[in-house]
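I have placed the structure first, in the form of structure tokens, so that the comments after it can refer back to it.
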Amino acid sequence: MMNRRTSLIGAAVALTAGLPRIGRAQDDALVSKAKSEGEVTFYTSADTLNAEACAAAFKKKYGINVKLFRAGGSQIAQKLTLELRTRRLEADLTELSDPTMLTGLFRQGAVDPYEAANGVALPDGFKHPKRAWYGTAFIFMHLIANKDKVSTADEPKTWTDIADPKWKGKLVWGSPNYGSSQYATVKGLIELHGWALIEKMKANETMIIQGWPEAENSVASGERLVGGDASARSFRALERGAPLRNVYPADGAIVSLGAASVMKGAKHPNAARLLLEFLLSTEGQAIYAKNYVYPVRPDVPAGGSLVPLKDIKLHTINYEEAVDQHDEIVRRWTQLLER
């Protein structure tokens, strides 16, 4: 696992010449087994547009139906917890906007590690050391500002700038109770600046909402002037003409690596593995790139409107710590800002 302060940029731009390719015999065998299973149930917290596009392309290519359950990371966590407790697992492949829960599920024996052939193309920091999960999407969390009401001179330049009293009553934030990327962001803020920053967000009367879409709407409407957002979402909002401006904190935009795992005891294990291979393939990653997500494969170019990663300082959270600290961080955050 990469050190939490180690940027993934170097790995993301690594040369890919000579990468091993999936063997035809192995590929044919997996496809045959997957087709015999007939369908795959895919739980994902990815943006609906991206999730539906991947599901449709997979079905078109292999003729395998994808039963898609798309929800926030916390909703998926609750659903999976219940299914595992009652031994009525429905998910075959689970994709979340942060590997924290998948790492926890692996510890519990609920994930089936898989040596994905297309996973060879991913740098080490984009996959679990024991292949419990693979990165599928490179997303990072940053600030957004209302471009009509906040000048570039006045906008916060770092995460600590949102503690300035001038932002009192003007901030909006997504709750870690509802999304995995939102939890990753809070964990990152604590790693960078401790609970003192969270307490100052409380003092500044930060409005807490469920997810980043509400934050975008609040900032775009002028109800609030500054908030947090995910890179993929903000790029889409800008493309739609929303009056927003992305702000990449000088102390490090927080990486929220989308990741996927094959579930142990899955009803359609081969279809799940094939879907994972598809998501990690150049074809699958091109779909992510088209939908404003940075590909995890360095041999797939990012979309034209995406800011080059080399121009953004990044902070990667400690995923192992994130598992151990999850309940305490969410509990303390909730007491401070949501009660």
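Does region 103-113 include one or more residues that are surrounded by 21 or more Cβ atoms within 10 Å (Cβ to Cβ) and over 22 Å from the mean Cα position of the chain (by Cα)? Checking region 103-113: not a single residue is surrounded by 21 or more Cβ atoms within 10 Å (Cβ to Cβ) and over 22 Å from the mean Cα position of the chain (by Cα). Based on what the data block shows, is V226 among the β-branched types (V, I, T) and over 19 Å from K187 (Cβ atoms)? Taking the combined requirement at face value, the residue satisfies it. Among the residues of region 310-333, those identified as assigned to a helix (DSSP H, G or I) and farther than 16 Å from G194 by Cα are K310, D311, Y319, E320, V323, D324, D327. Answer yes or no: is there a residue in region 117-136 that is in contact (Cβ under 8 Å) with a residue 60 or more places away in the chain, in a strand (DSSP E or B) and not β-branched (V, I, T). Taking every residue of region 117-136 in turn, at least one turns out to be in contact (Cβ under 8 Å) with a residue 60 or more places away in the chain, in a strand (DSSP E or B) and not β-branched (V, I, T). Note on region 271-284: residues that are farther than 17 Å from E83 by Cβ and either in a strand (DSSP E or B) or of a type in the set (A, V, I, L, M, F, W, C) (or both) total 7.
Looking only at region 44-70, which residues are closer than 21 Å to G135 by Cβ and aromatic (F, W, Y)?
F58, F69
Highlighted here are the strands (runs of 3 or more DSSP E) found entirely within region 156-234 that include at least 3 residues which are surrounded by 19 or more Cβ atoms within 10 Å (Cβ to Cβ): 171-174, 226-230. Is region 280-293 home to any residue that is under 30 Å from M207 (Cβ atoms) and either touching a Lys or Arg at 6+ places or on another chain (Cβ under 8 Å) or surrounded by fewer than 18 Cβ atoms within 10 Å (Cβ to Cβ) (or both)? So far as region 280-293 goes, yes, one or more of its residues are under 30 Å from M207 (Cβ atoms) and either touching a Lys or Arg at 6+ places or on another chain (Cβ under 8 Å) or surrounded by fewer than 18 Cβ atoms within 10 Å (Cβ to Cβ) (or both). Given the criteria surrounded by fewer than 24 Cβ atoms within 10 Å (Cβ to Cβ), modelled with pLDDT under 95 and either in a helix (DSSP H, G or I) or within 15 Å of the chain's Cα centre (by Cα) (or both), does V307 qualify? In short, no. Do we find a residue being under 26 Å from A116 (Cβ atoms), in the same structural domain as L84 (by TED's automatic domain parsing) and assigned to a helix (DSSP H, G or I) anywhere in region 249-270? Yes, some residue in region 249-270 is under 26 Å from A116 (Cβ atoms), in the same structural domain as L84 (by TED's automatic domain parsing) and assigned to a helix (DSSP H, G or I).
Condition check ((1) in contact with a helix residue (DSSP H, G or I) (Cβ under 7 Å, 6 or more places away or on another chain); (2) surrounded by fewer than 21 Cβ atoms within 10 Å (Cβ to Cβ); (3) modelled with pLDDT of 95 or more) across all residues:
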site: R4; (1), (2), (3): yes, yes, no
site: G10; (1), (2), (3): no, yes, no
site: L30; (1), (2), (3): yes, yes, yes
site: K35; (1), (2), (3): yes, yes, yes
site: D47; (1), (2), (3): yes, no, no
site: G63; (1), (2), (3): yes, yes, yes
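The values are calculated or read from the model by the stated rules, or taken from the named source; none is laboratory data. The shown structure was predicted, so the numbers you read here are calculated from the model rather than taken from an experiment. Note that each Cβ is placed from the backbone with ideal geometry, even for glycine, and that neighbours are counted across all protein chains shown.
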